[in-house]
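Just so you know, all these numbers are worked out from the coordinates, no wet-lab data involved. A quick note: this is a predicted structure, and the numbers were derived from the prediction, not measured. Heads up, the Cβs are rebuilt from the backbone with ideal geometry, glycines too, and the neighbour counts pull from every protein chain shown.
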Amino acid sequence: MERLGAAFLIAGVVTFLLGFVLQGVLPMVTYRKLPVKTLAEISQDIPEEFRQLAEDYPEEFTRAFGEVNPASFAQALSRGRAVYIAEGCWHCHSQYVRPVSQEDLRFGPVSNAAEYNNELNLPPLFGTRRVGPDLIREAGKHSNDWHIAHFFEPRDVAPYSVMPPYRWFFDDKGRPNKDALAITAYVQWLGSWVEQVPQTIYNVDALAGAKQ
Amino acid sequence: MTPATSPQRQLVNVALVRAHLVASATAFAILLLAGLAFALQFMQYYPFPGIPALSPGRVRMVHTNMAAYGFIANAFIAGLLWAIPRLTKRPILSDGLGWLIFWAWQGILVLTFLGILGGYAQAIEWGETPIFVDPLVLVGLVLLVTNLAHPIFKTRERGLYVSLWYFLAAFAWTGLVYFMGNYMPQFWVPGAPGAAIAGLFIHDLVGLFVTPIGWGLMYFFVPLLLKKPIWSHALSLIGFWGIAFFYPMQGVHHFLWSPIPMYAQYGAVVATIAIEVVVVTVIVNFFGTLYGRSDAMRSNLPIRWFYVGMLNYALTCLQCAIQVTLTVQKVIHFTDWVVGHAHLVMFGVFGFWIMGMMVELWPQVVGRPWYSTRLLTAHFWLTTIGMTSMFVILMAGGLVQGYLWGSLAHWADSVVYSLPFWWARTLTGLLIILGTGLFFYNMWATARQPAPAYVPGAATAEA
């Protein structure tokens, strides 16, 4: 039975490879010319929110990351992303805006492949469920303070939220620790490469201003 | 346990099958509790607030990983250890290796459990097994395939039965899929193409590991229990090759309307609809087999589990052919609809088959008749009602969420209007937990009965 058995093993390998080429390799080929940004390259563009974080929590920030520079920003991003993954944030928050269901009005510009071609999307955090909103256009929509308060007790700033509090991001006095600053820096980075903070239904004041 | 060298070696290593069944049941208990805890978070009744290791986000990953690698994998290994020697009339390569794999696999589960709770999860859906566990899984899979493929390759039977086709293909697929999904997006392929690979992994884990072994076991158990051959060998052929051809090329349908190239998305949609046509042949084949013996649905509990699982399979496939279209995706993607679909596939189909298999095998591996058939029946009905209503509730809740999002309602509205569905979902989960509690009590009570003189079906044969 060696021959017949081997036929099924080989059939398994061949059908796997066929699917792998069609669904995995071809997208790679399509995007082969998109440059892959390293963390060092990404961290050159320090968003305003990160500088603000150093001013909002000077003592904690200095202890955690030192000064505001690309190196400390890179450290914060990488740590923040690690926290995001460890806590399974990506199971309840997606990271891509679709061109349907009015998502551009709700979140901001539709996602494109170039935005994801970097070291911080290894693996990509597209997500599969939205219990909370999408986060890829989150940068600048809320203040750092809002995020810190939200991690401490989500319902204090979002009354109907079902997100759990993350008290272990804070010390005994309720001051944010390194993880809190890092994940805030990470979330405030998501979409910071978009020219302007999108005018969406979340920026209620901005929208009201636009209507006049 | 008889040593591997003994000429009187048992054809089936019953103790090994029993050990895997117990491990599967244990993992099932853990995943049920993890699922319940996570469900309670949605109503602000989370039982372990403020404990980092028991944070809802981490417990959710325990729920899914215990389902795939604890509950399903252990039960399937038990099924393979039972079926392959009987189909080939040869024992597995080595009983010692079998036990090594058993303990290695449970070690992998413990490491996965602790790793996820400790914050070392990997950001790959269904592949949250920490990075340091992945090489162990691959080694474990290679050993498992070596042990189980040996009797198939060495059999002196004429021809290979359809179950063995599925098993062999799955042996080739599982390791490849696991390696691809856990390594490529993690280390080499970032961004949208990486997401395409991750999608392929989510899909292939169900399609190329769980599905073929599940169907292979059905092709083994159903004719055996109905005491008649499978209805049509031609349909078996079409079903197997159709699944083998179309299943591996659908991964991107998990990320429709994403930055992955549209041609890959269209391809995934077409291949998905194609396979739903193919699986109809498999379902027709099994219901053709049942024709004339439908009394077994009443009298034979494993058959009832198997065929209700197949009805759920038909339902998921129909649902899948509809939900995979780009139109329906606009509304239901990211909603509880998908969660309902996932539960119906993984538990409503494969979980049901595993339950049927446990009902069939447990008395044989402990050498005692079931303690109570009434408890078994209660288990079936509680689970069936719980699972079916959970599916309907999550599907309905998903539609509510999807339409609220599309109408630009405030995000909080989509949460508030979901609460009744989340409550109902939790209650249906409690029904499943209650049924399973009865079942586990029944298993325990069965095993501790005094040994009867007659041991049903404990097969022994010379190797």
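Once you reduce region A:34-79 and region A:131-192 to the center of their Cα atoms, the two points are 16 Å from each other. Mean-square fluctuations from a GNM of chain A, with a 10 angstrom spring cutoff on Cα atoms, peak among A:Arg155, A:Arg63, A:Arg32 at A:Arg32.
Net charge in the neighbourhood of B:Val14 (other residues with Cβ under 14 Å of its Cβ; Lys, Arg +1, Asp, Glu -1) is +2. A cut-off under 12 angstrom between Cβ atoms defines the neighbours of A:Val100, and their net charge, with Lys, Arg +1 and Asp, Glu -1, is +1. One-quarter of the Cα convex hull surface for chain B, in nm²? Hull-based average projected area comes out at 21.9 nm².
Remark: relative contact order (region B:12-159) = 30 percent; criterion is Cα-Cα distance under 8 angstrom and separation of 6 or more residues.
With Cβ to Cβ distances under 14 Å as the rule, what net charge do the other residues near A:Gly127 carry (K, R +1; D, E -1)? Summing Lys/Arg as +1 and Asp/Glu as -1 gives 0.
For chain A, relative contact order (Cα pairs under 8 Å, six or more residues apart, normalised by length) works out to 24 percent. Which one, A:Ala180, A:Ala74, A:Ile85, projects farthest toward the positive side of the charge dipole computed for region A:42-211 from Cβ point charges (K/R +1, D/E -1)? Toward the positive end, the furthest listed residue is A:Ile85. From least to most packed, judged by other beta carbons within 10 angstrom and beginning with the fewest, B:Leu144, B:Leu117 follow the order B:Leu117, B:Leu144.
Remark: mean inter-chain Cβ contacts per residue of B:193-206 equal 6, using a 10 Å Cβ-Cβ cutoff to other protein chain atoms.
Most fluctuating residue of A:Ile85, A:Ile148, A:Ile183 in a GNM of chain A with Cα springs under 10 Å: which is it? Largest GNM mean-square fluctuation: A:Ile85. Helices in chain A, meaning DSSP H runs of at least 4 residues, each add -39500 (n - 2.57). Divided by all residues, the mean residue ellipticity at 222 nm is -13000 deg cm²/dmol. Projecting the Cα atoms of B:Pro56, B:Thr26, B:Met358 onto the charge dipole of the protein assembly as shown, computed from C-beta unit charges around the Cα centre, puts B:Met358 farthest toward the positive end. Counting Cβ atoms of other protein chains within 10 Å of each Cβ in A:29-38 and taking the mean gives 3. Each listed q (0.05, 0.12 Å⁻¹) maps to a log10 I(q)/I(0) for the protein assembly as shown, found by the Debye formula over equal Cα scatterers with no solvent: -0.24, -1.31.
Working ranking of peptides B:328-339, A:102-113 by packing, defined as the average number of other Cβ atoms within 10 Å per residue, highest first, is B:328-339, A:102-113.
Per residue of B:68-79, other chain Cβ atoms within 10 Å of the residue Cβ number 0 on average.
Do any of A:Lys37/A:Lys178; A:Lys37/B:Lys330; A:Lys33/A:Lys178; A:Lys37/A:Lys141; A:Lys178/B:Lys330; A:Lys33/A:Lys141 go past 27 Å between their Cα atoms, and which? Those over the limit are A:Lys37/B:Lys330; A:Lys33/A:Lys178; A:Lys178/B:Lys330; A:Lys33/A:Lys141. Here's the picture: charge each Lys and Arg Cβ at +1 and each Asp and Glu Cβ at -1 in the protein assembly as shown, and of B:Tyr266, B:Val328, B:Leu168 the one pushed furthest to the positive end of that dipole is B:Leu168. Ratio of Rg to Rh for region B:12-159: 1.07 [Cα atoms; Kirkwood radius as inverse mean 1/r over pairs]. Compute the FRET efficiency between B:Ser372 and B:Trp103 as 1/(1 + (r/R0)^6), taking r as their Cβ-Cβ distance and R0 = 51 Å, and round to the nearest 0.05. Computed FRET efficiency for B:Ser372 and B:Trp103: 0.95. Can you compute the charge dipole magnitude of region B:12-159 about its Cα centre, using +1 on each Lys and Arg Cβ and -1 on each Asp and Glu Cβ, nothing else charged? Give it in debye, rounded to the nearest 20. Approximately 600 debye in magnitude.
Hydrodynamic radius of region A:42-211 by the Kirkwood approach over all distinct alpha-carbon pairs: 16.4 Å. Charges were assigned to the Cβ only: +1 to each Lys and Arg, -1 to each Asp and Glu. The resulting dipole of region A:48-113 about its Cα centre is roughly 340 debye.
When peptides A:162-170, B:60-68, B:351-359 are sorted by average Cβ neighbour count within 10 Å, with the highest value leading, the order is B:351-359, B:60-68, A:162-170. Principal axis analysis of the Cα atoms in region B:105-203 yields extents of 50, 31, 18 Å, listed in decreasing size. Each Lys and Arg Cβ is given +1 and each Asp and Glu Cβ -1; about its Cα centre, the protein assembly as shown then shows a dipole of about 2700 debye.
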